[in-house]
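Single-structure report; data block below.
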């Protein structure tokens with residue numbers, strides 16, 4: 001039978017004898033490891049797992065007895081089998097000394113091959129069986145540990161489940177009941193009373209009183225359940241509302257199961273009631289949030305559509321850059337609004353995000369109080385500021401190192417006034433016609449926000465004044481107005 005080979009260490013200072021041992025033991029089919037001295041044998045032991053050591057007693061420098069004593073001192077080799085070979089007549093005292101040093105057997109010289117092979121084979125097989133037993137024991141211990149861990153985990157889950165059930169009942173989220181179908185008697189636990197907002201002392205459980213606690217629109221659910229059981233249904237589940245004596249409406253889910261007698265007649269109905277009011281409220285909130293997200297997404301897409309539709313450029317590259325710049329501006333304000341859960345955006349933060357790409361290095365100065373903008377106001381104003389920054393970087397104060405930009409704002413009677421003042425840049429001339437950036441800025445501020453945008457093309461730099469109401473609900477929910485106003489402005493400018 002095939003088996004895993006083990007290592008047998010042969011120790012002798014005479015090469016001829018080592019060769020003879022190899023020839024004798026070759027037929028065993030094991031791994032034979034050679035060492036020509038005691039020190040070499042110790043080196044081999046530290047690097048290799050050895051099953052049997054065959055060692056000559058008479059060796060110079062370190063004889064067999066001394067080598068055996070050193071081997072036995074190491075904890076790893078205290079049970080390693082050692083067989084001594086002696087070429088001299090061995091006395092009983094020598095044998096006793098050898099056994100004390102850890103030898104398990106003696107082989108005299110001349111060596112009888114059959115005897116040596118038999119002894120080595122026995123100890124090699126013993127080593128192999130011992131290792132196999134250790135492996136099996138380890139596997140058994142691993143299985144025991146795994147099973148123990150599994151049982152502990154199962155017990156912990158069961159305990160946790162029981163704790164959750166106890167907590168649910170204690171918190172009034174779950175109750176159980178039992179209804180004797182024949183006598184009409186009811187039995188409620190404490191959780192059932194708590195869910196329905198009544199007490200055992202003041203509330204008599206009977207069909208009329210139970211029906212009185214049901215929401216008028218859900219009374220038919222009870223009648224339907226009774227009819228289902230009478231027609232052979234064995235289980236029933238439904239959602240319903242209850243109206244507590246204090247007027248509070250709660251949502252519940254009820255599960256009931258029927259018990260029948262030998263003639264399949266219903267004799268008892270047992271059930272569980274779970275208060276799912278919080279879940280219902282969460283679902284309503286989630287639906288509201290989904291509608292809100294849909295609404296905001298449509299607004300953002302409408303703005304993006306307007307940007308793509310109304311952007312003009314003489315070259316494709318210029319068109320792409322213009323569209324990307326405006327979309328990026330919209331994305332930046334979207335990020336700000338998302339961080340505030342769409343409650344609004346701080347004006348200074350909006351300006352910081354728009355000026356960040358220009359690395360102004362002291363060219364830009366800001367001054368103004370904290371102003372919170374409505375989400376749609378922030379979106380539209382962000383696009384307007386983007387146009388101002390883009391034009392300034394191309395043609396105005398931000399196009400040269402000597403240019404300076406002052407952005408100031410104030411709020412009076414819910415009216416935001418933002419002043420954009422450029423100085424130190426290239427000489428400014430009043431444009432013969434308005435570019436798309438200016439036209440879209442006017443259209444968005446005036447049509448979308450109900451404000452005003454005024455431009456003063458001074459020679460020393462552009463002066464722009466934006467007036468935006470903070471309390472008016474912007475008209476971004478109707479993107480067609482933006483398109484119409486921008487188109488009209490385009491027509492006026494071109495005409």
- Message: Condition first: without any contact (Cβ under 8 Å) to a residue 60 or more places away in the chain, touching a strand residue (DSSP E or B) at 6+ places or on another chain (Cβ under 6 Å), outside any helix (DSSP H, G or I) and within 23 Å of residue 423 (Cα to Cα). Now tell me which residues in the stretch 439-457 satisfy that.
- Response: 452, 454, 455, 456
- Item | Per-region count, the stretch 352-391, residues without any contact (Cβ under 8 Å) to a residue 60 or more places away in the chain, farther than 17 Å from residue 463 by Cβ and assigned to a helix (DSSP H, G or I) | 9
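Conditions tested, residue by residue: (1) modelled with pLDDT of 90 or more; (2) assigned by TED's automatic domain parsing to the domain that holds residue 444; (3) within 20 Å of residue 430 (Cβ to Cβ).
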| site | (1), (2), (3) |
| --- | --- |
| 378 | no, yes, no |
| 385 | no, yes, no |
| 392 | no, yes, yes |
| 398 | no, yes, yes |
| 408 | yes, yes, no |
| 411 | yes, yes, no |
- Item | Which listed residue is surrounded by fewer than 16 Cβ atoms within 10 Å (Cβ to Cβ), closer than 16 Å to residue 186 by Cβ and either in the same structural domain as residue 186 (by TED's automatic domain parsing) or touching a residue at least 12 places away in the same chain (Cβ under 8 Å) (or both), from 256, 208, 227 | 208
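A quick yes/no check of all residues on (1) surrounded by 17 or more Cβ atoms within 10 Å (Cβ to Cβ); (2) without any contact (Cβ under 8 Å) to a residue 60 or more places away in the chain:
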site	(1), (2)
19	no, yes
22	no, yes
30	yes, no
40	no, yes
50	yes, yes
61	no, yes
69	no, yes
75	no, yes
- Task: Can you confirm whether the stretch 326-341 contains a residue that is modelled with pLDDT of 75 or more, in a loop (DSSP other than H, G, I, E, B) and either closer than 10 Å to residue 382 by Cβ or assigned by TED's automatic domain parsing to the domain that holds residue 407 (or both)?
- Result: no
- Item | the stretch 392-434, residues that are surrounded by 13 or more Cβ atoms within 10 Å (Cβ to Cβ), out of contact with any strand residue (DSSP E or B) (no Cβ under 8 Å at 6 or more places or on another chain) and part of a helix (DSSP H, G or I) | 393, 395, 399
- From 44, 33, grab the single residue that is outside any helix (DSSP H, G or I), modelled with pLDDT of 85 or more and either under 60 Å from the mean Cα position of the chain (by Cα) or in the same structural domain as residue 115 (by TED's automatic domain parsing) (or both). 33
- Query: From the list 478, 485, which residue is assigned by TED's automatic domain parsing to the domain that holds residue 393, under 46 Å from the mean Cα position of the chain (by Cα) and either modelled with pLDDT under 75 or on the phi > 0 side of the Ramachandran plot (or both)?
  - Reply: 478
- Query: Do we have residue 273 as in contact with a helix residue (DSSP H, G or I) (Cβ under 7 Å, 6 or more places away or on another chain), within 23 Å of residue 194 (Cα to Cα) and modelled with pLDDT of 85 or more here?
  - Reply: yes
- Query: If you go through the stretch 409-419 one residue at a time, do you hit one that is without any contact (Cβ under 8 Å) to a residue 60 or more places away in the chain, within 19 Å of residue 368 (Cα to Cα) and in contact with a helix residue (DSSP H, G or I) (Cβ under 7 Å, 6 or more places away or on another chain)?
  - Reply: no
- Out of 158, 214, 222, which single residue is touching a helix residue (DSSP H, G or I) at 6+ places or on another chain (Cβ under 8 Å) and modelled with pLDDT under 85? 222
- Message: I'd like to know if the stretch 137-145 contains one or more residues that are surrounded by 15 or more Cβ atoms within 10 Å (Cβ to Cβ), in a helix (DSSP H, G or I) and modelled with pLDDT of 85 or more.
- Response: no
- Answer with yes or no whether residue 279 is loosely packed, with under 14 Cβ neighbours inside 10 Å and assigned to a helix (DSSP H, G or I). yes
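The values are calculated or read from the model by the stated rules, or taken from the named source; none is laboratory data. Model, not experiment: these values are computed from the prediction. Positions of Cβ are backbone-derived with ideal geometry, glycine not excepted, and every protein chain shown enters the neighbour counts.
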